[in-house]
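Remarks on the structure that follows.
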Amino acid sequence: MKNIAFLICIHIVFSTTAYSSNTSKEEQISKLYNQVKNKFPGVKEIKINTFKKLKDKYVLIDARSKKERDISTLPKALSITDFESNLKKHSKHKIIVYCTIGYRSAQYIKKLKSIGISAYNLEGSLLGWINSGGDLVDKKNKVTYKVHVYGNKWDLVPKKYKVFKNISWF
């Protein structure tokens, strides 16, 4: 009986490990993003490939904390504060919001929608962006391979990145 219990435990451990190692980062990101998407059904989204084709016809907003943005952002991203300080200037552009996976950006998009501003959640957010080959930049607007993720569950970055976690957001 002990042998059967031991074999069952070994099977469970290896089955779980095999699943996680066989599931691509892109699939894991998609699963996490879809969980967020289901919580915010009224939030519009934009696919990363569509976003890449927009050139300069957009305003990109990073909904993450300053400490996270200090590590890296998508190129040309504004903070929420910078965006809100000049709403009139940005009103003629497509507004795209991102965070780590899409939850905080979806919350912010709901806020914008409540005041009559249309915005889109970047599908997969920062994790989707870097896994599709998109660059991140530092505060000096230079390409960087440093990134903050929300926690271990969100540590789905390409190997070339140095990951920062557990930064206090507030």
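Of note:
- Hits in the stretch 104-139 - residues which are touching a helix residue (DSSP H, G or I) at 6+ places or on another chain (Cβ under 8 Å), under 14 Å from Ile61 (Cβ atoms) and assigned to a helix (DSSP H, G or I): Ser105, Ala106, Tyr108, Ser125, Trp129
- Single residue of the stretch 52-79 satisfying the filter (out of contact with any strand residue (DSSP E or B) (no Cβ under 6 Å at 6 or more places or on another chain) and assigned to a helix (DSSP H, G or I)) that is surrounded by the most Cβ atoms within 10 Å (Cβ to Cβ): Asp70
- Tally, over the stretch 105-133, of residues that are in contact (Cβ under 8 Å) with a residue 24 or more places away in the chain, of a type outside the set (S, T, N, Q), surrounded by fewer than 23 Cβ atoms within 10 Å (Cβ to Cβ) and farther than 14 Å from Glu45 by Cβ: 1
- Test: residue in the stretch 5-26 that is basic (Lys, Arg), under 18 Å from Lys153 (Cβ atoms) and modelled with pLDDT of 95 or more: no
- Residue list for the stretch 81-108, filter: among the polar types (S, T, N, Q) and modelled with pLDDT of 95 or more: Thr81, Ser85, Thr100, Ser105, Gln107
- Asn34 vs. criteria over 15 Å from the mean Cα position of the chain (by Cα), at pLDDT 95 or above and part of a helix (DSSP H, G or I): no
- Count - residues of the stretch 82-104 that are small (Gly, Ala, Ser) and buried (at least 22 other Cβ atoms within 10 Å of the Cβ): 1
- Long-range neighbours under 7 Å by Cβ, at least six apart or interchain, first residue among the aliphatic types (A, V, I, L, M) within the stretch 150-162, second in a loop (DSSP other than H, G, I, E, B) and surrounded by 10 or more Cβ atoms within 10 Å (Cβ to Cβ): Val157/Val149
The values are calculated or read from the model by the stated rules, or taken from the named source; none is laboratory data. Everything numeric here is computed off the predicted structure, so don't read it as measured data. Because the Cβ atoms are built from the backbone with ideal geometry, glycine has one as well, and the counts that use them run over all protein chains shown.
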